[in-house]
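Asks: Can you read through this structure? Questions will come right after.
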Amino acid sequence: MPIIVEGVWYAYPNGVEALRGVDLTISDGDFVVIMGPNGAGKTTLVKTFNGLIRPTRGRVLVDGVDTREATVAELARKVGLVFQNPDHQLFCATVEEEIAFALRNFGFPEEEIARRVDWALRAFGLEEYRDVPPLVLSGGEKKRVALASILVWDPKYLVLDEPTLGQDYAQKEKLRKMVEGLLGERSVVIVTHDIEFVVDFRPRPKVVLMAEGKVLAQGKAEELLTDQELLSRASLVRPQVPEVLYRLREKGLDVRTDVLDPEEARDVIISSVVGR
Amino acid sequence: MEGGMGIIEVEGLRFTYSGSRRPALDGIDLSIRKGEFVILTGPSGCGKTTFCRCLNGLIPHFYPGDFEGRVVVAGLDTREHEIWELAQHVGLVFQNPENQLFCLTVEADVAFGPENLGLPRDEIRRRVDWALKATGMWELRDRAPHELSGGQQQRAAIASVLAMEPDILVLDEPTSFLDPAGAAELISLISDLNKSLGMTVVLVEHRLDLASAFSDRVIIMDRGRVALDGPPEEVLTDPRASGLGIGIPKVVKLYELLADGGLKLPKVPLSPPELADLVAEVA
């Protein structure tokens with residue numbers, strides 16, 4: 001059963017219309033990236049998945065349940081949302097308590113809690129911080145605690161809002177590998193505008209481009225992320241690899257431009273240069 | 001600046017924050033020439049931000065700790081001159097503009113620094129107008145900073161620093177909170193200030209794909225030391241760079257892949273148009 005977003009509109013109390021008629025389906029095992037400029041409505045949209053935001057018009061169904069008829073606590077069991085800023089999420093006295101918090105709320109037995117917390121501390125390299133207050137950790141470490149505290153209850157849908165913000169390249173690589181390892185069993189949704197981070201994923205995600213509260217386009221990364229017209233409407237800059245190919249085509253070389261992978265671009269360029 | 005002396009001279013710099021056992025900076029020697037555009041990068045915790053704080057005197061004057069060595073900016077030894085004095089030579093722009101803007105209008109924020117220097121009214125007016133125009137913020141001068149987009153806020157933060165007429169602009173990950181189009185615009189503004197005003201730029205940045213084409217020099221720091229330092233073409237193709245966890249731009253990777261595949265290009269490209277030009281030349 002999927003998450004189905006049907007004709008969703010949302011206006012904040014101050015009148016700002018953040019979502020203006022969004023339709024989207026996240027199927028079981030899907031890997032979806034939502035991209036677009038600041039203020040496009042990306043964060044508002046993912047907050048409708050777990051009922052933090054309820055549509056002013058339209059509806060969101062999570063595994064067949066209308067989010068207006070369920071509590072956030074019920075929805076959170078299925079939809080784990082990791083916030084952009086870990087400071088908005090972390091509040092416990094120690095990392096261990098932080099990670100155990102939701103499990104206690106969901107009523108897991110203590111033995112099970114201990115087992116899962118140990119797993120999460122190990123999986124995220126946080127064992128040495130077990131008794132440390134999360135708020136004294138570095139930005140990258142806090143992000144890992146935030147992620148661990150959600151993944152520990154194994155939500156069916158994992159939603160990450162701007163997970164690469166303020167992370168260096170090595171941390172981004174680790175995050176990418178970790179997400180790749182989670183794919184298949186769960187649906188993963190990532191909100192980001194880090195286009196070079198997105199194109200390095202294997203498998204590549206399905207891409208949803210948003211602007212001004214609407215979905216501009218959705219489809220394969222190779223098609224959407226090489227289309228300059230669409231990208232500029234989403235305030236994105238074309239990744240470097242297709243940008244090179246596009247410029248070569250303008251110079252009269254016979255090259256394909258729907259390529260994101262550097263190795264593939266090498267082959268395309270070499271065969272076109274040799275072919276002349 | 002007389003005979004060969006850089007606008008920034010750092011000698012044997014070591015700094016350990018109070019309460020920390022590990023030095024944040026562990027022996028840095030470098031010289032930056034007037035008008036250079038330097039990118040400073042390296043993994044989180046490598047000491048980049050601490051180094052920036054040393055350039056405008058926040059270290060040692062504001063952050064307590066154990067300071068060794070010497071930092072001389074625009075001829076002033078930072079130990080012997082106070083922060084307000086150094087601020088007239090070194091403007092520091094932070095990652096999050098919300099930490100830097102606090103007035104009710106952009107114009108008031110930009111005027112804040114010069115007013116605190118006790119400058120004459122006409123001089124304040126001249127500097128504020130110039131800084132607003134140089135950053136493209138003139139039309140938005142009456143707006144409240146919180147009403148602006150992230151990119152506009154960051155431009156306002158740069159304007160407020162420019163109004164001090166510094167020789168050196170130090171920017172600590174200024175594009176982190178911006179979307180790609182906003183980040184590209186900001187980097188191009190910084191490059192304009194460097195080229196048209198000859199302003200020395202030290203830019204702390206992880207997104208080398210965006211910034212390296214504008215730079216004269218890339219410095220990679222690791223564990224409080226300088227690990228690599230040189231022109232971007234050399235540093236980004238140094239095998240040690242990827243070992244340090246640096247995001248090598250895709251155009252540089254593609255250049256290396258083409259060379260492995262038998263297509264050797266005459267120089268290392270730093271941007272897609274540059275790579276396309278090089279390929280078109282040999283095709």
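The values are calculated or read from the model by the stated rules, or taken from the named source; none is laboratory data. What you are looking at is a predicted structure, and each value in this text was computed from that prediction instead of being measured. Every residue, glycine as well, gets a Cβ built from its backbone with ideal geometry; the counts of neighbours run over all protein chains shown.
Asks: What's the number of the only condition in (1) more than 19 Å from B:ASP222 (Cα to Cα); (2) touching a residue at least 24 places away in the same chain (Cβ under 8 Å) that B:THR41 fails to meet?
Replies: The failed condition is (1).
Asks: Looking at A:VAL95, A:VAL46, A:VAL60 in this structure, which one is over 25 Å from A:ILE3 (Cα atoms), of a type outside the set (Lys, Arg) and buried (at least 20 other Cβ atoms within 10 Å of the Cβ)?
Replies: Just a single option satisfies the conditions, and that option is A:VAL95.
Asks: Continuing with this model, one more query. Considering only the range A:250-276, state which residues are at the interface with another protein chain (Cβ under 9 Å from one of its Cβ atoms) and part of a helix (DSSP H, G or I).
Replies: A:GLU250, A:PRO262, A:GLU263, A:ALA265, A:ARG266, A:ASP267, A:ILE269, A:ILE270, A:SER272, A:VAL273, A:VAL274
Asks: Among the residues of the range B:82-140 satisfying the criterion of being charged (D, E, K, R) and within 18 Å of B:ARG155 (Cβ to Cβ), which is modelled with the lowest pLDDT? If you could, list the steps in order and put the result at the bottom.
Replies: Here is the first cut: in the range B:82-140, the residues charged (D, E, K, R) are B:82, B:85, B:98, B:107, B:109, B:115, B:121-123, B:125-127, B:129, B:133, B:139.
Add one more test, that the residue is within 18 Å of B:ARG155 (Cβ to Cβ), and what stays is B:98, B:107, B:109, B:127, B:129, B:133, B:139.
Working: B:GLU98: 78, B:GLU107: 94, B:ASP109: 93, B:ARG127: 94, B:ASP129: 95, B:LYS133: 90, B:GLU139: 92.
Among residues in the range B:82-140 that are charged (D, E, K, R) and within 18 Å of B:ARG155 (Cβ to Cβ), the one modelled with the lowest pLDDT is B:GLU98.
Asks: Output the qualifying pairs, or none if there are none: Cβ atoms under 8 angstrom, residues six or more apart or on different chains, first residue in the range B:253-271 and more than 19 Å from B:LEU210 (Cα to Cα) and at the interface with chain A (Cβ under 8 Å from one of its Cβ atoms), second residue in a loop (DSSP other than H, G, I, E, B) and of a type outside the set (Phe, Trp, Tyr).
Replies: Going by the 8 Å Cβ cut-off, the qualifying pairs are B:LEU258/B:LYS264; B:LEU258/B:LEU265.
Asks: Turning to a different aspect of this structure: Consider A:ILE190 against the criteria (1) within 13 Å of chain B (Cβ to nearest Cβ); (2) out of contact with any Lys or Arg (no Cβ under 9 Å at 6 or more places or on another chain): it satisfies all of them except one. Which criterion is unmet?
Replies: (1)
Okay, residues lined up against (1) in contact with a His (Cβ under 9 Å, 6 or more places away or on another chain); (2) of a type in the set (Gly, Ala, Ser); (3) modelled with pLDDT of 95 or more:
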| position | (1), (2), (3) |
| --- | --- |
| B:ASP209 | no, no, no |
| B:GLU233 | no, no, yes |
| B:SER242 | no, yes, no |
| B:ILE246 | yes, no, no |
| B:LEU258 | no, no, yes |
| B:GLU274 | no, no, yes |
| B:ALA280 | no, yes, no |
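Asks: Another question, then. Among the residues of the range B:272-283, write down those that are surrounded by 17 or more Cβ atoms within 10 Å (Cβ to Cβ) and more than 7 Å from chain A (Cβ to nearest Cβ).
Replies: Filtering the range B:272-283 for residues surrounded by 17 or more Cβ atoms within 10 Å (Cβ to Cβ) gives B:272, B:274-276, B:278-279.
Passing the criteria: B:GLU274, B:LEU278.
Asks: Name, by its number, the condition in (1) away from every other protein chain (no Cβ under 14 Å); (2) surrounded by 20 or more Cβ atoms within 10 Å (Cβ to Cβ) that does not hold for B:ALA241.
Replies: (1)
Asks: Which one of A:GLU162, A:GLU141, A:GLU173 is within 14 Å of another protein chain (Cβ to nearest Cβ), closer than 23 Å to A:LEU52 by Cβ and either acidic (Asp, Glu) or surrounded by fewer than 18 Cβ atoms within 10 Å (Cβ to Cβ) (or both)? Even if it seems obvious, please write down each step before you answer.
Replies: On the way: A:GLU141 fails: closer than 23 Å to A:LEU52 by Cβ; A:GLU173 fails: closer than 23 Å to A:LEU52 by Cβ.
Residue meeting the stated conditions: A:GLU162.
Asks: Now, a different point. Filtering the range B:122-177 down to residues that are surrounded by 16 or more Cβ atoms within 10 Å (Cβ to Cβ), within 14 Å of chain A (Cβ to nearest Cβ) and assigned to a helix (DSSP H, G or I), which residue is nearest to the chain's Cα centre (by Cα)?
Replies: The qualifying residue nearest to the chain's Cα centre (by Cα) is B:GLN154.
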